[in-house]
Structures are given as structure tokens and as C-alpha cells.
Amino acid sequence: MPMEYKLHIGCHLSSDKGFLAMGREASRLGADTFAFFTRNPRGGRAKELDLADVEAFLQYKEDEGIVTLVAHAPYTMNACAAKENLRRFAHEAMADDIQRLEHLPGNLYNFPPGSHVGQGTEKGIELIAQQLNDVLTPDQQTTVLLETMAGKGTEVGRTFEELRAIIDRVEHDDTLGVCLDTCHVWDGGYDIVSDPDAVLTEFDRVIGLDRLKAVHLNNSLNALGSHKDRHAKIREGVLPEEALARIVCHPALAGRPFILETPNDDAGYAAEIRWLREKWEEDHGKN
Ligand code: FE
Ligand code: ZN
């Protein structure tokens, strides 16, 4: 079976012990990709990059068939904050993260676009685009992903149109993509249960499916359009598990890395990965 003819799935892992440890942990859980925080999700400072560990990981990645990684920016990063010092932190953290990710070329960097905190969506979009214009360079080998958001509070990126508006304002937009979070789009009002085809067609019409580089696969604790953003385990939330399996098997999403951000321990992640791989194989066997 050729390498790419396979479901690429993994989960969020702790980066405490470095990249090689994450690679080994991914393999142990049945994953062939993973996500990790580039720095403490709540605090600011990034750990010094251990280049020997990075090198060992890159060899491991090649040997074991680990595919594209989906790094995650800290939640505290708000590119459209009202306070200048918070915007400066967002800028510096993103620039520094991207610079360090260049040691692992060709991977993805997901970030929540931000919350406009009362300045209005238009202003938020403008500030986010401004940061991306300041930080992105045409020769960088990391693709930055805007995450689709649930629309909690004053989050920007709650509709495909808002993400499109950001992309339209960014100059080096070939280094810019989108990560579709299934909990967030559901909470945002996109019915991926009744009509996943319509949602993906809408994504394609507004943003373009070629921009969709990764999927955060989560169930939700809340109703369609609730704008809450509370993740649930794949087989326990309000979305039927079969609906999430259909997303994983959807031909329009083939080849993308799927990342679980579900509230699980290691065994729980391994079980979800195993179940989704079974679903994918069933689906691909019968075609
Ligand atoms: Fe997410
Ligand atoms: Zn979320």
C-alpha cells in the first residue's frame, strides 16, 4: 500500500520531553502525525530548541512514516488585542515560533486568529492581517493556519467569510492556510452532521479547499450554533460518532492530517485513533 494511501491521524501531545519523545509516543498510540504547543499554552516563554533532539526526531519521522505536524500557538496569543503590549507579544511569539519551526521544515502552525475584545470584527480582521503581513516571509517553509473558531465571546474567524477577509488582506498568502476544527464549526453554526457536503462546498466557495491543510477533529458538548467551544470525546459528544467518521473519510479531505484535541488520556487517544482507522479502512475497502 503506498504511503499516502492511508489515514493521517494523531492527537495533541506534551512537548515536555522533546520532539523524539513525541514521535515515539505518537507511534505508540497508532498515530502518524501529532500536534504540540510551541510554548506554554497559557504563559509566554518558549523553551530553547534542542537541535540534537530535532535532528534525531527528523530521522525518526522519516524512518517511521510520521507525516506533516500541526504545531499549535499558545491560546494567550491575541493578534487583535486592544492593548498594544498584548499585540506585541502575539507578534513576537509568532515570529519566534515560525523561526524555530524552520528547523523542522514543511510543517503547519495553527493559531486562533484572536478576539477583537469590543473593537469590532472589521478592526479585528485588520489587526490580524497586519500581524501576518509583518511576520510572514515568502521563503518560510512553515505554513501558518488560521483556525476556524466557535465564535465564543468576540472571537474572529467564526465564519468562513471572516477568514477569507483576513486572507484577502495578506500579501504572502501562499504561506497561509486554514485548519478546520469540527467542534468549532459546529458551535459556529455549520451543520456538519446533516450535510457535511454542503459545509465543505461552502468552504470551497468562500475560501477554497486548497487552503484547508489540516483538521482538528473534536466532538462538541453543545448544540449547533451555540458558540461555546467545549470539546468532547469523539464518541461522547452531541455529534453522532458516525458523523465524525464521515468527516474523516470524506474524499474532499483526503490526505490532510487529522488532529484529536479531545479530553483524553493516552489510552483514550489510542482508542479513538484505532476506531477512526477502522472506520476509514471499512470505508475504503468497500469502494
Ligand atoms: Fe482546535
Ligand atoms: Zn476549541
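The values are calculated or read from the model by the stated rules, or taken from the named source; none is laboratory data. Predicted, not measured: the structure shown is a model, and the values here were computed from it. Don't worry about glycine lacking a Cβ; one is built from the backbone with ideal geometry, like all the others, and counts go over all protein chains shown. With ligands, DNA and RNA removed, areas are computed over all heavy atoms of the protein, side chains included. Shrake-Rupley method; radii C 1.70, N 1.55, O 1.52, S 1.80 Å.
Computed values, structure above
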{"item": "For the range 215-273, with +1 on Lys and Arg beta carbons and -1 on Asp and Glu, the positive-most of HIS227, ASN264, VAL238 along the dipole", "result": "HIS227"}
{"item": "Label zone at LYS47, where the point sits 7 Å out along the Cα-to-Cβ direction: the range 77-101 residues whose backbone N lies under 19 Å", "result": "93-94, 96-101"}
{"item": "Among 8-15, 145-152, 95-102, the order from most to least packed when residues are scored by Cβ within 10 Å on average", "result": "145-152, 8-15, 95-102"}
{"item": "Amide H contacts of ASP181 (H built 1.01 Å from N, under 5 Å, at least 5 apart or other chain)", "result": "THR148, HIS216"}
{"item": "Relative contact order (percent, whole number), the chain, Cα cutoff 8 Å, 6+ residue spacing", "result": "17 percent"}
{"item": "Furthest towards positive pole of dipole, LEU163, GLY188, ALA129, structure part the chain, Cβ charges", "result": "GLY188"}
{"item": "Estimated inter-spin distance, ALA95 and ALA198, nm [label 7 Å along Cα→Cβ]", "result": "4.5 nm"}
{"item": "Å² per residue, accessible surface of the chain at 1.4 Å", "result": "44 Å²"}
{"item": "Among LYS233, LYS61, LYS83: highest mean-square fluctuation, GNM of the chain, C-alpha pairs under 10 Å", "result": "LYS83"}
{"item": "For the range 213-230, Karplus couplings with θ = phi - 60° (6.51, -1.76, 1.60), whole Hz, Gly/Pro x", "result": "9, 7, 10, 8, 9, 9, 8, 10, 7, 10, 6, 3, x, 6, 6, 9, 6, 10"}
{"item": "Size of electric dipole in the chain: Cβ of Lys, Arg +1 and of Asp, Glu -1, about Cα centre, debye, nearest 20", "result": "640 debye"}
{"item": "Residue (of ALA26, GLY65, HIS284) at the positive-pole extreme of the chain, dipole from beta-carbon charges", "result": "ALA26"}
{"item": "Cβ-Cβ FRET estimate between VAL117 and GLU236, R0 fixed at 45 Å, reported to 0.05", "result": "0.90"}
{"item": "Simple spin-label estimate for LYS6 and ASP139 in nanometres, 7 Å along Cα-Cβ", "result": "3.4 nm"}
{"item": "The chain - percent of accessible surface contributed by carbon and sulfur, probe 1.4 Å", "result": "48 percent"}
